[in-house]
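The values are calculated or read from the model by the stated rules, or taken from the named source; none is laboratory data. As the structure is a computational prediction, the values presented were derived from the model and not from experiment. Positions of Cβ are backbone-derived with ideal geometry, glycine not excepted, and every protein chain shown enters the neighbour counts. For accessibility, only protein heavy atoms count, side chains too; no ligands or nucleic acids. Shrake-Rupley method; radii C 1.70, N 1.55, O 1.52, S 1.80 Å.
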Amino acid sequence: MSFFDETFSAFLRIGFNHIIEGYDHLLFLLGLIIVTTKWKDLLKVISAFTVAHSTTLILSAFGIISLPPIVTESLIALSIVYVAIENIVRKVKSKRWIVAGSFGLIHGAGFSSHLTDLLKAQLGMGNIWSPIIGFNIGIELGQLTVIACVYPLMLLVRKYGRQDLLTPEISRVIASVGGILLVFRIFGMNP
């Protein structure tokens, strides 16, 4: 049995789709990307988020940590609000990788709630690493796809001197949507 088998491919697609279809994760990622002005800073931010969410994803998949979904989903919504407000009020964002890593721990727990149900069948077959790694790589490919679409647009916005006008407005929208998600999730409602 090859490591890169049908299970790996299936979980890779599931991870990719989880990012692309997950509006909450897309909003958080957008909030991080729109203020990043250098590739080096973007790499730090995305790496911190990746390492953090991969850690909690693996710990959750093995049952080492477990958070109630209402807590995880509410904290994910709060992370969206926080990043968007920080975009508006903080001028210096040189330590943004710390924010991304901290909230990456929460997002990993959110990813794991989706993954854990899918992994139950794999646990009995002794095939745990292939789906976990496939799911993680799928998430990263989804993030890279979003970055490849958004970052060049933000470079254009910067080139034409519109970042100071556009970034706060986008951040206000992100904060508003995140706030609505937070209220819905705290009260257990589906938006």
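Brief remarks follow.
- From Gly104, Gly31, residue being at pLDDT 90 or above, of a type in the set (Gly, Ala, Ser) and under 25 Å from Arg158 (Cβ atoms): Gly31
- Selection within the range 168-191 - surrounded by fewer than 19 Cβ atoms within 10 Å (Cβ to Cβ), among the polar types (S, T, N, Q) and assigned to a helix (DSSP H, G or I): Ser176
- For the range 17-41, the set of residues classified as more than 11 Å from the chain's Cα centre (by Cα) and buried (at least 19 other Cβ atoms within 10 Å of the Cβ) consists of Ile33, Ile34, Val35, Thr36, listed by residue number.
- Residue match in the range 53-75 (condition: touching a Gly at 6+ places or on another chain (Cβ under 6 Å), hydrophobic (A, V, I, L, M, F, W, C) and within 30 Å of Gly161 (Cα to Cα)): no
- Of all residues in the range 68-93, those satisfying the criterion of being more than 24 Å from Glu169 (Cα to Cα), in contact (Cβ under 8 Å) with a residue 12 or more places away in the chain and open to solvent by less than 80 Å² (accessible area, probe 1.4 Å) are Thr72, Glu73.
- Residue in the range 130-137 that is in a helix (DSSP H, G or I), open to solvent by less than 10 Å² (accessible area, probe 1.4 Å) and out of contact with any Phe, Trp or Tyr (no Cβ under 8 Å at 6 or more places or on another chain) present: no
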